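The values are calculated or read from the model by the stated rules, or taken from the named source; none is laboratory data. Predicted, not measured: the structure shown is a model, and the values here were computed from it. Here the Cβ positions follow ideal geometry from the backbone for every residue, glycine too, while neighbour counts run over all protein chains shown. What goes into the accessible areas is simple: the full protein's heavy atoms, side chains included, and nothing from ligands, DNA or RNA. Shrake-Rupley method; radii C 1.70, N 1.55, O 1.52, S 1.80 Å.
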Amino acid sequence: MGDFTVRTADRRDTTLTQQAVDDLGARLRGTLLTPQSDGYEQARAIWNAMIDRRPGLIVRCAGAADVMQAVRFARENGLLVSVRGGGHNIAGNALCDGGVLIDLSPLRYVHVDPMGRTARVAPGATLGDLDRETQAFGLAVPTGINSTTGIAGLTLGGGFGWLTRKYGLTVDNLLGVDMVTADGQFLRASADENADLFWAVRGGGGNFGVVTSFTFRLHPVGPMVTAGLIVHPFDKAGDLMRRYRAAAAALPDEAACWIVLRKAPPLPFLPAEVHGKEVMVLAVFCALDEAAAAKALEPVRALGQPIGEHLGPMPYAAWQAAFDPLLAPGARNYWKSHNFTRIDDGLIDLLVAEAGKLPSPHCEIFVGQLGGAANRVPADATAYPHRDADFVMNVHSRWETAAEDTPCVRWARDVFDRTASYATGGVYVNFVTDDEQRVQAAYGANYDRLRALKQRYDPGNLFCVNQNIAPAG
């Protein structure tokens, strides 16, 4: 019987006996993997190929009991811990080197109560899993824009997308969670139970425990919506973005229009000579009926003479997956992000200039439109504080080979630095990369309260592989 080298919470190597590892495996309903196990390499693969970490043990959980066993084992042995949901996080916080990975990705159930308009969702479920179940009843949760994103990480950081202006953030529609805290105990957090912890998990990330189940409020959406892309020539981008501001402001809450600056993919509705050339894309969505949507979106459609347009009725679930091909796993990714209350002329000029320097055909700058219901919630109502943000910019640098790392990362940082004077100073925590120190910017005036709650629920900072909130003590 040999020993296993693992990493402690203070990043030192230690050993576990074969017997200790075997005993943990015997207590699990799921699977325990070591670096020598079949399936280990697949289990440690996540969306962002820049992240290459090797956990000492991977606990592939089959239920909440396995999570409790894994947390207690890690705490008792002083081990480093990371938690994986969908594995889509840009910073790669699903993985830790040498420690214990609590892998929730096997847990993907979605139970819909169509009469009560709620859904109970496992932490390994993706947005696509959720949409497929809820849309069977013409219902939806406001989530993100990529169907392969994990519901757990998206929710715990806030969550925004096409329905946010009408129904708020994902956390604004969270009714409760079941979770395992750092002491290995199982509890429920909601407005009526452990309300302080419920406040913290609505935006505070994975700092406070491992959520084993989410309960969401559902809303009537679809199954058909009006959505699609309007693609404009890049040399008109500056003028179009200036006029976009009034058109976006006139949209009802049921609608949203996002700006994307990138090289044109080979979409069938675009002329072949445009493929691979810089373009300005308007990604448009409206959840009103077809006639009302056409009227609501007319100011956006009238902004200019597009190169191509693909806009009309489609299933909501299909629109949720429309960008999946541009965000497939396996590429190298680096993001930088700002929040804005408005889009100034100077910001527009900078964005157009920087979009003309894309270092890879996969890079893009997107500006997502928020506002509406999301901004009618007080900043201290949830841990997510950015209720003043009408627009979120994500500089999405994406490429294929390690040889491209330096220019692609540098470009994203340059765009971020040059646009900073127009930003609020806040940032969406799910867009923060591994090399940034922006936790206080992510939480603003809510940060001190979060530190106090971290001290109460995780004083030893067991859950530290995240955008970490240090315990107040």
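Out of Ile343, Ile348, which single residue is more than 17 Å from Lys263 (Cβ to Cβ) and in a helix (DSSP H, G or I)?
Exactly one of Ile343, Ile348 is more than 17 Å from Lys263 (Cβ to Cβ) and in a helix (DSSP H, G or I), namely Ile348.
Taking strands (runs of 3 or more DSSP E) that do not extend beyond segment 1-98, which have at least 1 residues that are more than 23 Å from Thr148 (Cα to Cα) and of a type in the set (Lys, Arg)?
Hits in segment 1-98: 3-7.
Pairs only if they're at least six apart or on different chains, beta carbon under 6 angstrom, first in segment 225-240 and touching a residue at least 60 places away in the same chain (Cβ under 8 Å) and open to solvent by 10 Å² or more (accessible area, probe 1.4 Å), second outside any strand (DSSP E or B) and aliphatic (A, V, I, L, M); list them, first residue then second.
Thr226/Ala293; Pro233/Ile307; Gly238/Ile348; Gly238/Val352
Would you mention how many residues in segment 415-442 are open to solvent by less than 50 Å² (accessible area, probe 1.4 Å) and part of a helix (DSSP H, G or I)?
10
Give me the pairs, please: first residue somewhere in segment 18-39 and farther than 22 Å from Arg108 by Cα, second residue anywhere and part of a loop (DSSP other than H, G, I, E, B), beta-carbon distance under 6 Å, and either six or more positions apart or on two chains.
Listed pairs, sorted by first residue: Gln18/Met1; Gln18/Gly2.
Step by step: first the residues of segment 374-414, then only those that are of a type in the set (Lys, Arg) and outside any helix (DSSP H, G or I), then the one that is farthest from Ser337 (Cα to Cα). Which residue is that?
Among those residues, the one meeting the criterion is Arg387.
So Pro459 passes all but one of these: (1) in a helix (DSSP H, G or I); (2) more than 15 Å from Gly205 (Cβ to Cβ); (3) touching a Gly at 6+ places or on another chain (Cβ under 8 Å). Which condition number does it fail?
Status for Pro459: all satisfied but (1).
Can you tell me which residue within segment 84-116, out of those that are under 15 Å from the mean Cα position of the chain (by Cα) and under 15 Å from Val180 (Cβ atoms), is least open to solvent (accessible area, probe 1.4 Å)?
Filtering first and then ranking leaves Gly85.
Among (1) over 26 Å from Phe234 (Cβ atoms); (2) in contact (Cβ under 8 Å) with a residue 24 or more places away in the chain, which single condition is Phe323 missing?
Status for Phe323: all satisfied but (1).
Identify, from the list Arg132, Arg120, the residue that is open to solvent by 10 Å² or more (accessible area, probe 1.4 Å) and in contact with a His (Cβ under 7 Å, 6 or more places away or on another chain).
Exactly one of Arg132, Arg120 is open to solvent by 10 Å² or more (accessible area, probe 1.4 Å) and in contact with a His (Cβ under 7 Å, 6 or more places away or on another chain), namely Arg120.
Which residue is farthest from Pro142 (Cα to Cα), if the candidates are limited to segment 270-311 and must be of a type in the set (Gly, Ala, Ser) and in contact with a helix residue (DSSP H, G or I) (Cβ under 7 Å, 6 or more places away or on another chain)?
Within segment 270-311, the match that is farthest from Pro142 (Cα to Cα) is Gly304.
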